[in-house]
Amino acid sequence: MFISEDWLVNFAGFKKFIKLIDGSTPCRGLFRSVRGNLLVAVVGVNVYKIDSLYNANIVGSIETADGEVFMDENLNGQICIVDGISSYIYTYDLGASVVKQTGGPLAAVLVPNYVTFHNTFFLFGNANITGNGARWYAYVYDTPTTIVAQTDFALSTKPDTAVAVKRLPGQANNVLVFGTTVTEIWTNVGGLQNYRRNSSVNIDYGCLSVSTIASSDQYTAWLAVNEDNKPCIMVYSGEGVARISTDGIDYLLSTITNPAKSTALFYRQDGHLFYQLTFFDMEDNLTLAYDFNTQRFFNLSDYNNDFHPARAIVYFNNKLLFASLKNSCIYECGTDITVYNENLTPKVADFDPELVHMIPRVRITESIRRPDSSRFVANTFTFTMAQGDDPLVTGISLAQPPINYCPRVDVAISKDSGITWSSNVTRTLNPIGKRQNIINYNNMGVCNDLTIKLSFLGLGSFVVTDGFVEVY
């Protein structure tokens, strides 16, 4: 849940929409071609074209089988795919045609690590860790299935490797060139030189994982680090660069054991802009979402309280779709979806209610303390929430209704800042049409530190406002 106008409301749920293959092979990337009106997805070594009717067909293959891929398109019907080792061109007007690129400095000096399109160029970051790794490259159209190097450049603020290049949203001619300890701003100036470094400004943080670089219409964010500081989350906008991670989030990021297994994306939900950062190694198992509207962090998860499965997100045919980190499926998401639904088909006969999961919705409040830490009695906890609008309580369902389904709120309290918790006390929510909306909990006892944990359990939506604790 996130906060909107002082109310707790639902993050987007999701439902399975397209299955590319069976099994748990993750989707490595998802890209929307605006000019081609299609989607491109990569699963294992296979490249899929998904048309506007959501028909998926294999159009070619790449040489690697795992790891995130990055994609962008130019004005000539070419989509460039980069897997951290090689680059490929898929020309959608030619049907099944995915061609590995071997010309120019590719493989010899440039190890394609990231790609972005900007002002007629495909700009490549470089995974080369030798002395040539400071160089990054601009490629242009050559033939319908190939691109060719036109110019190359180099990071020079620090001795570093140019791991990624990203165009800046809202700044037509500017790009960010990411090193591992520094980031430079370059401007497309035309002529033979093409790009020129801003010699008066740089960002003294590089990128720890190029998969965490993501952009919206206003911001570019990434997991940042330099030679003197532990990881943090940095954001660049038209007003400059800023660190958005708090002290507590920075500490959490410093405990990450495998930052290479990470991904990030931007999306807008009900007017709120979120940067979602996921560490999917099971030793880390963490998803954070930063709300730019309220400047707050939230945790996201799947139904098992593991990391959230979204890798790349696109808006296509009036649907918000994401590729999954946990299987080869593409999911539809939105706040009108209030569950995690793993059913692929909408047919009632094939619907399995066991594949419809409640979204874990938990709110842990700040601790309540007196300024002098003296003891007090917590008498009543009261809050207001919407009730009486969940039709499943009455047995109305797209398939077989859940047995004895009744949404509820569980509350547990802690008197030692969340180290130990009481057992849950449950309040069942009203059936359809009964809209009394105040919930009370009484007699929470004597304490000098009180933290409240609320769990909202149900298949519908939840809308909750601030609560009050009466103390004496």
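Observations on the structure shown:
- Taking amide H as placed 1.01 Å from N in the peptide plane, PHE17 has its amide H under 5 Å from the amide H of ILE330, TYR331, GLU332, each at least 5 places away in sequence or on another chain.
- Simple spin-label estimate for LEU344 and ARG370 in nanometres, 7 Å along Cα-Cβ: 6.2
- Label zone of GLU63 (point 7 Å out along Cα→Cβ, amide N under 15 Å): in segment 120-157 this covers 127-128.
- Modelled spin-label separation between LYS19 and ASN379, with each label point placed 7 Å from Cα along the Cα-to-Cβ direction: 5.8 nm.
- Highest to lowest packing among 40-47, 289-296, scored as the average C-beta count within 10 Å: 40-47, 289-296
- Equivalent-ellipsoid semi-axes for segment 153-209 (Cα gyration tensor, √(5λ), whole Å, largest first): 18, 13, 10.
- Residue-wise HN-Hα couplings along segment 181-194, as the Karplus relation 6.51 cos²θ - 1.76 cosθ + 1.60 with θ = phi - 60° gives them from phi, are 9, 8, 10, 10, 9, 10, 10, 6, 10, x, x, 6, 7, 6 Hz; Gly and Pro carry x.
- Pairs beyond 25 Å (Cα-Cα), from LYS49/LYS319; LYS261/LYS319; LYS230/LYS453; LYS19/LYS319; LYS230/LYS261; LYS49/LYS326: LYS261/LYS319; LYS230/LYS453
- FRET efficiency for the GLU470 to ASP306 pair, using the beta carbon distance and R₀ = 30 Å, is estimated at 0.20.
- With bins 10 Å wide beginning at 0, the percent of Cα pairs of segment 362-471 falling in each bin runs 13, 42, 27, 14, 4, 0.
- Working note: Debye formula, equal point scatterers on the alpha-carbon atoms of the chain, no solvent; log10 I(q)/I(0) at q = 0.05, 0.10 Å⁻¹ is -0.22, -0.81.
- In order through segment 237-249: 3J(HN,Hα) via Karplus (6.51 cos²θ - 1.76 cosθ + 1.60), integer Hz, x for Gly, Pro: 9, x, 8, x, 10, 8, 8, 9, 6, 7, 4, x, 5
- Full extension of the chain segment joining ASP228 with ILE438 gains 70.5 nm, where the gain is 0.36 nm per residue of separation less the Cα-Cα distance.
- Near SER97, the amide H atoms lying under 5 Å from its own belong to THR91; only residues 5 or more places off or on other chains count, and H is placed 1.01 Å from N.
- Considering only ILE62, LEU94, THR338, the residue lying farthest towards the positive end of the dipole of segment 2-349 is LEU94, judged by Cα position with unit charges set on Cβ.
- Local net charge near ILE3, Cβ-Cβ under 11 Å (Lys/Arg +1, Asp/Glu -1): -2
- Note on VAL362 and ASN37: their simple-model spin labels are 4.6 nm apart, each label 7 Å out from Cα toward Cβ.
- Estimated vicinal HN-Hα couplings, Hz - segment 133-138 in sequence order (Karplus 6.51, -1.76, 1.60; Gly, Pro = x): x, 6, 8, 10, 9, 10
- For LEU176, net neighbour charge (Lys/Arg +1, Asp/Glu -1) across residues whose Cβ lies under 12 Å away: +2
- Shape call, segment 68-139: gyration tensor on alpha carbons, a/c limit 1.5: prolate
- Per-residue Cβ neighbour rank within 10 angstrom, fewest leading, PHE462, PHE351, PHE178, PHE280: PHE351, PHE280, PHE462, PHE178
- Cα-Cα separations in segment 237-343 greater than 18 Å, expressed as whole percent: 53
- Remark: LEU192, LEU252, LEU123 ranked as LEU192, LEU252, LEU123, counting other beta-carbon atoms within 10 Å and listing the fewest first.
- Here the dipole of the chain is about 360 debye; that uses its Cα centre as origin and unit charges on the Cβ of Lys and Arg (positive) and Asp and Glu (negative).
- Amide H to amide H, with H built 1.01 Å from N, SER209 comes under 5 Å of LEU223, counting only residues 5 or more places away or on other chains.
- Gain in span if fully extended, LEU355 to THR102, counting 0.36 nm per residue against the direct Cα distance: 86.5 nm
Taken together, the values in this text are just the output of simple stated rules run on the coordinates, not laboratory data. Being a predicted model, the structure only gives us computed values, none of them experimental. Heads up, the Cβs are rebuilt from the backbone with ideal geometry, glycines too, and the neighbour counts pull from every protein chain shown.
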